Amino acid sequence: MLNDIKIHGYLGRDPELKEYKNAKGETGHLVNFSVGVSRDMGEETDWFDVTFFGKRAEVIEKFFGKGSQIIVSGRMQSDTVEADGKKRKYWKLIGNSFDFCDSKDSARGSNNEAAQGGDSWERLDEDNPF
């Protein structure tokens, strides 16, 4: 795969879970959040907008919150939006896998089975609708 990226950083905001309908009219979930990645010995931070779909989105919303550490793998995708008559292009990371980095005690939620080292989110076999 030529368009492949992996980042390791901290969530800048709580994940926001949303429902969507795909082209076939099927309902699914997606989650949006941002990840800050330090560079140059922590003097600067790059911010990535991240989106996950399906079961992975639900797991992230349940176990991660602002300040949680995460490793995300996926692909970069550009979108164009128009505001005030001007077109603006922006990039986001479409995630296909993630890893927990925080201890189980700092994981979000009371049921943190996945945060205890389980890798069930890696085995989720759900197609990305986009």
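Just so you know, all these numbers are worked out from the coordinates, no wet-lab data involved. Quantities reported herein were computed from a predicted structural model and do not represent experimental measurements. Positions of Cβ are generated from backbone atoms using ideal geometry, with glycine treated the same way; all protein chains shown enter the neighbour counts.
Here each label is just a point 7 Å from Cα along the line to Cβ, and for SER38 and CYS101 those points are 1.0 nm apart. By the count of other C-beta atoms within 10 Å, a proxy for reagent exposure, HIS8, HIS29 are ordered fewest to most as HIS8, HIS29. Which distance in Å, rounded to a whole number, links the C-alpha centroids of the stretch 1-27 and the stretch 38-101? The two parts, judged by their Cα centres, are 7 Å apart. Take each peptide in 41-50, 66-75, count the other Cβ atoms within 10 Å of every residue, and average; sorted highest first, the result is 66-75, 41-50.
For ASP14, the residues whose modelled amide H falls within less than 5 Å of its own, excluding neighbours fewer than 5 places apart on the same chain, are LYS66. Would you mind calculating the gained length between LYS6 and GLN77 on full extension (0.36 nm times residue separation, minus the Cα-Cα distance), in nm to one decimal? Net length gain for the segment: 24.2 nm.
What is the sum of charges around GLY74, taking Lys and Arg as +1, Asp and Glu as -1, for the other residues whose C-beta is under 12 Å from the C-beta of GLY74? Every neighbour counted, the sum reads +2.
What full-extension length gain, to one decimal in nm, is calculated for ASP14 and TYR90 as 0.36 nm per residue of separation minus the Cα-Cα distance? Working shown, then result.
Numbers: separation 76, 0.36 × 76 = 27.36 nm, distance 2.07 nm.
That works out to 25.3 nm of additional length.
Each of the peptides 90-98, 51-59, 15-23, 77-85 was scored by the mean count of other Cβ atoms within 10 Å over its residues; in descending order, highest first, they stand as 51-59, 90-98, 15-23, 77-85.
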